[in-house]
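Heads up, the thing below is written out as structure tokens.
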Number of protein chains: 4
Amino acid sequence: SDIGRLTIHCADQPGIVAAVAGFLAEHRANIVELGQFSTDSEAGEFFQRTVFHREGLAQVLAELDRDFAEQVGKRFDMTYTFTSAATPKRVTIMVSKYDHCLLELLWRNKRGDLDMNITQVISNHPDLEADVASFGIPFIHIPISKATKAEAEAQQLELLQGKADLVVMARYMQILSAEFLNSVGCPVINIHHSFLPAFAGAGPYLKAKERGVKLIGATAHYATANLDEGPIIEQDVVRVSHRESVAELERRGAEVERSVLARAVQWHCEDRVMTFGNSTTIL
Amino acid sequence: SDIGRLTIHCADQPGIVAAVAGFLAEHRANIVELGQFSTDSEAGEFFQRTVFHREGLAQVLAELDRDFAEQVGKRFDMTYTFTSAATPKRVTIMVSKYDHCLLELLWRNKRGDLDMNITQVISNHPDLEADVASFGIPFIHIPISKATKAEAEAQQLELLQGKADLVVMARYMQILSAEFLNSVGCPVINIHHSFLPAFAGAGPYLKAKERGVKLIGATAHYATANLDEGPIIEQDVVRVSHRESVAELERRGAEVERSVLARAVQWHCEDRVMTFGNSTTIL
Amino acid sequence: SDIGRLTIHCADQPGIVAAVAGFLAEHRANIVELGQFSTDSEAGEFFQRTVFHREGLAQVLAELDRDFAEQVGKRFDMTYTFTSAATPKRVTIMVSKYDHCLLELLWRNKRGDLDMNITQVISNHPDLEADVASFGIPFIHIPISKATKAEAEAQQLELLQGKADLVVMARYMQILSAEFLNSVGCPVINIHHSFLPAFAGAGPYLKAKERGVKLIGATAHYATANLDEGPIIEQDVVRVSHRESVAELERRGAEVERSVLARAVQWHCEDRVMTFGNSTTIL
Amino acid sequence: SDIGRLTIHCADQPGIVAAVAGFLAEHRANIVELGQFSTDSEAGEFFQRTVFHREGLAQVLAELDRDFAEQVGKRFDMTYTFTSAATPKRVTIMVSKYDHCLLELLWRNKRGDLDMNITQVISNHPDLEADVASFGIPFIHIPISKATKAEAEAQQLELLQGKADLVVMARYMQILSAEFLNSVGCPVINIHHSFLPAFAGAGPYLKAKERGVKLIGATAHYATANLDEGPIIEQDVVRVSHRESVAELERRGAEVERSVLARAVQWHCEDRVMTFGNSTTIL
């Protein structure tokens, strides 16, 4: 419970690791795990994720943050965050009718494999209410039609107030508007049912069948205003052949989707994912 | 040496398997291996590959073929081929400067893992002459420029006379003209250095790096006039991360390319690949 | 609903395929899918699985079976079975406290991905009763101690009467006695939490950690009196590194276990798995 | 050419990262890449690999090493090494008759994918002389029989003088004696043609066929006096089925062997592999 995480991003330059490690040592924080990446040996971007142990972390976290800004952050013009592993992220899941991604997240969370605080599930359909209720998690049904989309999104944003450090679209079959994404105030992870950039858009399994591909896949990415174009967090594929019908491809794809989404959400909740431009560094 | 293969394609209809198996039994050909696929349980396409043992096959192959046409082929309006496993396919390999796909094919063939008769290697660059010579295989250098392309292709077609049941483009960095493909008279297999349809066209590894994908792949397909659009035979991928440079992606991709191409060529040489529309059935 | 399956095993000999296909054609059964395998081109074992369509199958299934015995089965000294795809197998699941394999099977069955009739779940612990109840399936708790094992197994066997064409041990943490296996009267599938034959026995994840392996796996096999030695149906692995603790290896292993077990059960329920000696042929 | 690598191993304790990073910063060495791992958050083992850029590295490497010992190494009781990326490791390859692992290493080295200085190939058979000669690398044939084994190993050790920072057994089909391993004075990497610990010892593909496994694999490990028991560097598997003969399993296995061995050798040559007890940390 005294485990903290520090993530850093800045322009690469000499002395960063020494300054950060020196700061932590002086503040009696012992490094437990350190991941680092530079995009280039000269003039690139610098990323670091440090997990540390500090006696009585809860009491000093705010102070650490303030001191770090003054003693290290400003000097290197850093973007950084301090978090405590004892405070799991608040997560709102959005879903439509497909249950496989939702259930995978609920179930992994329940058995302690995926540490997050699922505050609510929002859906544009009532179908999955009982499934969600059996996990003791609030389910809110907000129907959406073309005419009511703006209003529905306003309702969703209100529900998210204080309830989301992360939004997960677990096969939520609506396109979020640019306004929603601008206002949401936290990252949004989406699962796309294809190996992007192949078969972007709707109906990927039909397209895959028609093109005769020998592997189908899934992609978890951060949602951005450009649909299917946000930074990719995780991808995986499964082998198929001429034998599988489109329905069977969907079934196999569903299996890939749920494990890919679960991994992406877990890495995000562990502060492992850093984005720069349109790609991710996972430490 | 008395092993034969019969491949069949026709509209699905009752009684095909019985008719074919009956024909073979009457002609003293014992079925060793049988693969069958129907695209649909009603009114689909029917594909079958049968490997059989027939004493003295070489003497009776032509007769089998003729009898089959009369007794079975016409009745079901079949496309079919009889081949003898003792007569490996004649293969011409076309290559530019990258050696990895070429060497993989030469080496597998030499050690007896890939049964084919490599008659010659044609290249638009002289670089790989010594490598090919060390395998005792003729290497023909035909330079190509915009101005000489038509002439060069005419030369290639002449070289292929009697020397190719299959042409393999083992990272041959020229686009074959529609005229060439119309005249070549045998299938052409190409290896594309991406997981098609993602990153079709040139520079796929740079595109993959820019898009931040987590897997890169390769695709072996039959060449058609529409570049990168022919029927896919085999695909595979390898996991990558933010750490790999474009050069490193190329290196890892090269490893996938050579195994994917080798598998595709092997399946083709074993008469396992049947095409219909734009996709393949592999039996 | 008129889809039937015929599985065959006998000594390889000329004319089998023709005889079987001829029989089906005469009985107006159209072959939809045919898988065949011979262990050797001479004097091996012959296996065949044929899926066929026959108008009014339910009415003629018994007759087909009887006719086949007389007209084909005896002649080739075959072991064979006719089944109707419309009659899913009755399956009893045995489980202890781990829920992941059980829930995967219940959930795939519920959403229509795994066609079987789960008649009951038997457990030596009461923990998973509510989970099973939520699927509307009977849960029977039979505690087991050393002293009561024989009695408990007798109870289990009674419960299985008329309720099981297949028993699935979904991480059932008790060793079934040879007497139980002799009396059960149907196949038993077990999931072992390692890539057999590596790390047979208890505590495989600890052993894997101590040995420093780079992949961990799971194995679904038919249970036999020799623990961990029965015919293997399916196996898979997942990549690990020095970073994972034993607890984390267990978590990743659990993911492999549930997909491997689900595939094995599905193939069995589709009559795809044939055993000979200590290995399986999957058609 | 001014890239250096520092690898460290010691008991975990506060302040290591800060001390090392501080040392490098003071000595004008800029960290390019940093990998770190602790076996436990308290009282575990600490491993770190740091890649750095230092102007004029060749001139100061010895001085860095000396200063580090005094200023950091002694304080934390470290095992550490400084190496220059500009000085590839000297590698002697030992081989028998199988060529696939040898050729893979020679070819990757030749095309610049695997940075090492292959000083010689030693074999107990003359078969591969021409293959090795075509790469311009010395081939030394030292026959071995039971009677001559001690003498042959003495010859081998003499040949290794000044010619090996690493010995690679690329399917060298002789067991190295404990005396040889004690005297060799550098690490020895072996490729075992199975997924250890399954099928340790001879004839793994036959054993795999008999056991009916659905995956076969290969293991690269450091050789120790206990055969097949040394620390594992890398493993991989490939899917097989009932269809493959033992010969075909060998062929597929050979493909896995060469890529697994090549990866293991590459990681070793990049100073990524650290051993502790019987397992490896790969940074």
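The values are calculated or read from the model by the stated rules, or taken from the named source; none is laboratory data. Computed from a predicted model, the values in this text were never measured in an experiment. Glycine also receives a Cβ, built like all others from the backbone with ideal geometry; neighbour counts cover every protein chain displayed.
Does any residue in region A:160-176 that is in the same structural domain as A:ASN190 (by TED's automatic domain parsing) come within less than 7 Å, Cβ to Cβ, of a residue that is crowded, with 19+ Cβ neighbours inside 10 Å and small (Gly, Ala, Ser) six or more places away or on a different chain, and which pairs are these? That search, which allows pairs on different chains as well, returns A:MET169/A:ALA223; A:LEU176/A:ALA223. Quick one: would you say B:PHE46 is in contact (Cβ under 8 Å) with a residue 24 or more places away in the chain, within 23 Å of the chain's Cα centre (by Cα) and either under 14 Å from B:LEU24 (Cα atoms) or surrounded by fewer than 20 Cβ atoms within 10 Å (Cβ to Cβ) (or both)? Against the criterion (in contact (Cβ under 8 Å) with a residue 24 or more places away in the chain, within 23 Å of the chain's Cα centre (by Cα) and either under 14 Å from B:LEU24 (Cα atoms) or surrounded by fewer than 20 Cβ atoms within 10 Å (Cβ to Cβ) (or both)), B:PHE46 does not qualify.
Remark: pairs (first residue in region D:73-89, closer than 20 Å to D:GLY44 by Cα; second residue hydroxyl-bearing (Ser, Thr, Tyr) and part of a strand (DSSP E or B); Cβ separation under 8 Å; 6+ apart in sequence or on different chains) = D:GLY73/D:TYR80; D:TYR80/D:THR7. Here D:ALA170, D:ALA218 are screened, and the one residue that is among the hydrophobic types (A, V, I, L, M, F, W, C) and either surrounded by fewer than 16 Cβ atoms within 10 Å (Cβ to Cβ) or under 26 Å from D:HIS141 (Cα atoms) (or both) is D:ALA170. Assessment of region D:93-110 against the conditions (touching a Cys at 6+ places or on another chain (Cβ under 9 Å), within 30 Å of D:VAL168 (Cβ to Cβ), away from chain A (no Cβ under 14 Å) and buried (at least 17 other Cβ atoms within 10 Å of the Cβ)) yields at least one matching residue. Scanning region B:48-70 turns up one or more residues that are of a type outside the set (Val, Ile, Thr), more than 23 Å from C:VAL51 (Cβ to Cβ) and within 9 Å of chain C (Cβ to nearest Cβ). Scanning region D:24-43 for residues that are surrounded by 13 or more Cβ atoms within 10 Å (Cβ to Cβ) and either among the aromatic types (Phe, Trp, Tyr) or under 30 Å from C:ALA247 (Cα atoms) (or both) yields D:GLU33, D:LEU34, D:GLY35, D:GLN36, D:PHE37, D:SER38, D:THR39, D:SER41.
For D:ALA86, are the conditions met, namely being more than 13 Å from chain A (Cβ to nearest Cβ) and under 30 Å from D:PHE139 (Cα atoms)? Yes. Against the criterion of being under 15 Å from D:ILE93 (Cα atoms), surrounded by 13 or more Cβ atoms within 10 Å (Cβ to Cβ) and either in the same structural domain as D:HIS221 (by TED's automatic domain parsing) or modelled with pLDDT of 95 or more (or both), D:LEU157 qualifies.
Per the listing C:ARG171, C:ARG211, the residue uniquely under 30 Å from D:SER279 (Cβ atoms) and more than 9 Å from chain D (Cβ to nearest Cβ) is C:ARG171. Selection of region B:173-211 for residues being among the hydroxyl-bearing types (Ser, Thr, Tyr) and buried (at least 22 other Cβ atoms within 10 Å of the Cβ) yields B:SER194, B:TYR205.
In the set (1) within 21 Å of C:ASP40 (Cα to Cα); (2) buried (at least 20 other Cβ atoms within 10 Å of the Cβ); (3) more than 26 Å from the chain's Cα centre (by Cα); (4) at pLDDT 95 or above, B:ALA18 fails one condition alone, (1).
Looking across region D:6-33, not a single residue is among the charged types (D, E, K, R) and either in the same structural domain as D:MET274 (by TED's automatic domain parsing) or in contact with a Leu (Cβ under 7 Å, 6 or more places away or on another chain) (or both). Those residues that are surrounded by fewer than 19 Cβ atoms within 10 Å (Cβ to Cβ) and over 28 Å from B:LEU105 (Cβ atoms), I need them from region B:61-71; list them, please. Selection gives B:ALA62, B:GLU63, B:ASP65, B:ARG66, B:ASP67, B:ALA69, B:GLU70, B:GLN71.
Which one is farthest from the other protein chains (Cβ to nearest Cβ) among residues in region B:214-232 that are within 17 Å of the chain's Cα centre (by Cα) and among the charged types (D, E, K, R)? Top of the filtered list is B:ASP228. For C:SER245, the requirement of being closer than 30 Å to C:GLN36 by Cβ, surrounded by fewer than 23 Cβ atoms within 10 Å (Cβ to Cβ) and assigned by TED's automatic domain parsing to the domain that holds C:LEU106 is not met. Taken over region B:111-127, residues that are touching a residue at least 60 places away in the same chain (Cβ under 8 Å) and more than 10 Å from every other protein chain (Cβ to nearest Cβ) amount to 2. Answer yes or no: is there a residue in region C:249-269 that is in a loop (DSSP other than H, G, I, E, B) and more than 9 Å from chain D (Cβ to nearest Cβ). Checked against the condition, which is being in a loop (DSSP other than H, G, I, E, B) and more than 9 Å from chain D (Cβ to nearest Cβ), region C:249-269 yields no hits at all.
Against the test of being touching an Asp or Glu at 6+ places or on another chain (Cβ under 7 Å), free of Cβ contacts under 8 Å to residues at least 60 places away in the same chain and β-branched (Val, Ile, Thr), the options A:VAL213, A:VAL273, A:VAL256 yield a single qualifying residue, A:VAL256. Per the conditions (1) modelled with pLDDT under 95; (2) surrounded by fewer than 14 Cβ atoms within 10 Å (Cβ to Cβ), the sole criterion not satisfied by A:ASP113 is (2). Going through (1) closer than 30 Å to D:SER1 by Cα; (2) among the polar types (S, T, N, Q); (3) out of contact with any helix residue (DSSP H, G or I) (no Cβ under 8 Å at 6 or more places or on another chain) one by one, A:THR79 falls short only on (1).
State whether one or more residues within region D:136-145 are in the same structural domain as D:THR275 (by TED's automatic domain parsing), crowded, with 21+ Cβ neighbours inside 10 Å and not basic (Lys, Arg).
no
Just checking, how many residues over region C:119-128 are assigned to a loop (DSSP other than H, G, I, E, B) and of a type in the set (S, T, N, Q)? Number of matching residues: 1. I'd like to verify a number: residues in region D:166-195 that are within 17 Å of the chain's Cα centre (by Cα) and under 20 Å from D:GLU104 (Cβ atoms), how many? Number satisfying all stated conditions: 14.
Residues that are at the interface with chain C (Cβ under 9 Å from one of its Cβ atoms) and touching a strand residue (DSSP E or B) at 6+ places or on another chain (Cβ under 9 Å) within region D:198-207 comprise D:ALA198, D:PHE199, listed in sequence order.
The condition of being outside the structural domain of D:HIS141 (by TED's automatic domain parsing) and free of Cβ contacts under 8 Å to residues at least 24 places away in the same chain holds for only one of D:GLN36, D:GLN59, that being D:GLN59. Only a single item in (1) within 13 Å of chain B (Cβ to nearest Cβ); (2) within 21 Å of A:LEU206 (Cα to Cα); (3) touching a residue at least 60 places away in the same chain (Cβ under 8 Å) is not met by A:GLN235, and it is number (3).
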